[in-house]
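Working notes, structure below.
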Amino acid sequence: MKFQWQPILLFLSGILIVGLLQSCVGWVQQPSQNTLPALGASTCRVVQHQMGESCIPQHPQRVIVMDQESLEILVALGLQPIAMTTANRVGNKTAILQDKVGAITNLGKEGQPNLEKIVQLKPDLIMGMFILPQYYELLSDIAPTVSINYSQTGWRETLKQAADILDRTSEANQLLTDYQKRVDTIGAKFSQTVGTLDVTVMRFYTDVHLTQFLNHNSFAVSVLEEIKGLSIPPHQRQLQQVPNSDWGYVNISLEQLDWLEADALLITLDPGAEGSFQHYEKSPLWQRLKVVSQKHVYFVDSGYWVFGNILSAYAILDDICHYLIRESCAAPPSPG
């Protein structure tokens, strides 16, 4: 009589399958530090954000930011991050932050942070915009991570969201109140000295021979048009990169330079974009623009004109005074 191996093999297989299922269930049910409180209600609190929920410290001391806009927001709210990333194309916010930020570690380019450095810095909170899901999971294993919503024209809501997460709502409200007073002051000055003005805002890239103008869906134009009488040319509002989209720019070629015509032209150059600008400047089509022949062309900092939040908005208002009103608009101490 032969020994029956089949029942024994089936029995052992069943035990193996049950063991695997139990280990999988245990892994799925294991709470991560970014979804459930790990420290208790007295030392951390759960906040909701676009990637889920995170339990963050009541008073974070070692905050890392994943982009320049988050850095700007935290500084405006009175916090000092310990590390940041730098912008991929546009200029960094050195001009508006150099007097407000102390020693801070550079983690590399936005979207490609140095994870080893982040681990070494032992942060207690990581914040940022546009955090990819795969990076969110990695960062969440290092420290509680919060992803902030971003909208070019909805920068006030972004500021409020960050303030709510950091329990600094009153500070954000005061920042916005003071900012509106600044808008009103400059608006009154503009009405008295200029009246109305159509302005084109351009951007040149470092390594791409194309240009674009920023439209009403962009951060910069949303700030400009808070000043009564100041706007982009009507024909630019009609032209969109993609119909019915909320893209904040429209790419144009040399043959379409007539779309840039306005009373004033503000040009933002990404770092190293001088060659891209010269490609257009040498064209006879560029020289024929009335705004160019009248020398109403001004260069502004792409670090705060292309993307930004409240500190960038303040800096744009200062440029409006300097280049368009051509007078000093007595400015209060900037926030942050």
Subject >> region 140-154, residues that are assigned to a strand (DSSP E or B) and either touching a Ser or Thr at 6+ places or on another chain (Cβ under 7 Å) or surrounded by fewer than 20 Cβ atoms within 10 Å (Cβ to Cβ) (or both) >> reply: Thr145, Val146, Ile148
**OP:** Examine region 87-102 for a residue that is touching a residue at least 60 places away in the same chain (Cβ under 8 Å), assigned to a helix (DSSP H, G or I) and in contact with a Phe, Trp or Tyr (Cβ under 8 Å, 6 or more places away or on another chain), and state whether such a residue exists.
**Re:** yes
**OP:** Within region 68-86, work out how many residues are part of a loop (DSSP other than H, G, I, E, B) and not β-branched (Val, Ile, Thr).
**Re:** 5
Original post:
Regarding Ser245, is this residue modelled with pLDDT under 95, among the hydroxyl-bearing types (Ser, Thr, Tyr) and farther than 21 Å from Gly308 by Cα?
Top reply: no
Original post:
Do any strands (runs of 3 or more DSSP E) lying entirely in region 223-304 carry at least 3 residues that are free of Cβ contacts under 8 Å to residues at least 60 places away in the same chain, and which ones are they?
Top reply: 249-252, 297-301
Subject >> Every residue from region 66-109 that is basic (Lys, Arg) and closer than 22 Å to Arg156 by Cβ >> reply: Lys93, Lys100
Subject >> Some residue of region 318-330 being surrounded by fewer than 19 Cβ atoms within 10 Å (Cβ to Cβ), more than 19 Å from the chain's Cα centre (by Cα), modelled with pLDDT of 95 or more and not in a helix (DSSP H, G or I) >> reply: no
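Residues checked against (1) under 23 Å from Val90 (Cβ atoms); (2) hydrophobic (A, V, I, L, M, F, W, C):
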{"position": "Leu138", "(1), (2)": "no, yes"}
{"position": "Ser147", "(1), (2)": "yes, no"}
{"position": "Asp164", "(1), (2)": "no, no"}
{"position": "Gln174", "(1), (2)": "no, no"}
{"position": "Lys181", "(1), (2)": "no, no"}
{"position": "Ile186", "(1), (2)": "no, yes"}
{"position": "Phe190", "(1), (2)": "no, yes"}
{"position": "Leu197", "(1), (2)": "no, yes"}
**OP:** Output the number of residues of region 126-138 satisfying the condition of being crowded, with 24+ Cβ neighbours inside 10 Å and over 14 Å from the mean Cα position of the chain (by Cα).
**Re:** 1
Original post:
So is Ile15 surrounded by 17 or more Cβ atoms within 10 Å (Cβ to Cβ), of a type in the set (A, V, I, L, M, F, W, C) and either out of contact with any helix residue (DSSP H, G or I) (no Cβ under 9 Å at 6 or more places or on another chain) or modelled with pLDDT of 85 or more (or both) or not?
Top reply: no
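The values are calculated or read from the model by the stated rules, or taken from the named source; none is laboratory data. All of these numbers come straight from a predicted model, not from anything done at the bench. Using ideal geometry, Cβ is built from the backbone for each residue, glycine included, and neighbour counts are taken over all protein chains shown.
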